[in-house]
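First comes the structure, then the notes that go with it.
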There are 2 protein chains.
Amino acid sequence: MTANAARADTRPSPRKRAGNGAARPNDANEIGLDALVGHAGYAVRRFQIWIFQDFIKTLGDVDIRPTQYSVLTVIGANPGLSQMAVAKRLGIERARLVHLLDSLEQRKYVKRIKSKADRRSHALHLTAQGETALAKFKRLAAEHERHVEAKIGKENREQLLQILAGFT
Amino acid sequence: MTANAARADTRPSPRKRAGNGAARPNDANEIGLDALVGHAGYAVRRFQIWIFQDFIKTLGDVDIRPTQYSVLTVIGANPGLSQMAVAKRLGIERARLVHLLDSLEQRKYVKRIKSKADRRSHALHLTAQGETALAKFKRLAAEHERHVEAKIGKENREQLLQILAGFT
DNA sequence: GAAAGTTTGTTGTTGACGACAACAATTGTC
DNA sequence: GACAATTGTTGTCGTCAACAACAAACTTTC
């Protein structure tokens, strides 16, 4: 589907809600944000919510959320990593990664193999099923990325990636 | 995609950490992200986490979180708004706003005044205490914004704001 | 080589947050 | 007046970050 934001601005006739004591503006997006405009964090938060929702919807058929996708991607690119290494690389709590891996292992995408070098840790690998699945996820993720392009523009997206490259 | 990538048992991968010294704390920066680089959502998520943490820390003394700050700012700029209007403007669930306002009202920053025009709704106002407090919050938020500038650069921050202006 | 300290994976708790569902009171509509 | 819609509220559910505590395994130190 083409994620075309239906720009059908059904502009309602300006009704009024009188006598609120001090202010009356209550319609549509006439409400000012004041200091909020100019705060990078606010814009980034709203954008991140939008982008995650699109990701979740685009990968809805395969039931993969952004965090799960990031875990699978890192394991696929670096097989044999420990849970600690993956957690540190992705900035996830290792406690949280436990549940993520429980789920991914239950779905036969990931294996926890006891490391012989360090018997505390697990070497993480994709299963064969996990590899083919990840390939499909990557195609869908690329589709989601095209939605982002359509939303903010091709060169804006690339500028964004460049600006935020230090956080990956 | 890169669907090949031999995946043999505990075979040490060619590039990543040699020697397989599992216990050695390998640099997290050596671990490749593969497809994750190039995903706007991932970069944005990491950035947003950083920016929120800095905001929370910078406004730590006054114990104000980003969402609370956004609510106070909007009410301050548009006194008399209903809860529904604030929620819609900020993209917050009105159910969630209830708890936010409970907290802010308990701290004497916000008043819920029963609207006479529509006895279902409340007109939201800052208290006198809330106004002076918000002024302080804004100064701290500006300081936080300078941290962002220092992190990604002055013109990069402005480009970011421009790119994401549509989401505010 | 044993005691002490650290790391890894795990379990659990807490709190912020988004998404829903249901409800009473009130309003608008027909 | 009957009926639908809106507003604030309460509640549940699931995601997510942040800690705390623990056993097992490893490292350091004497």
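Of note:
- Residue within segment A:115-137 that is more than 8 Å from DNA strand C (Cβ to nearest atom) and under 23 Å from B:Val44 (Cβ atoms) present: yes
- Elements of type helices (runs of 4 or more DSSP H) contained in segment B:69-158, each with 1 or more residues being within 11 Å of chain A (Cβ to nearest Cβ) and either without any contact (Cβ under 8 Å) to a residue 12 or more places away in the chain or open to solvent by 30 Å² or more (accessible area, probe 1.4 Å) (or both): B:83-90, B:128-152
The values are calculated or read from the model by the stated rules, or taken from the named source; none is laboratory data. Predicted model only: the values in this text are computed from it and were never measured. All Cβ positions, glycine included, derive from the backbone under ideal geometry; neighbour counts span all protein chains shown. When the accessible area is computed, the model is the full protein with side chains, heavy atoms only, and any ligands, DNA or RNA have been set aside. Shrake-Rupley method; radii C 1.70, N 1.55, O 1.52, S 1.80 Å.
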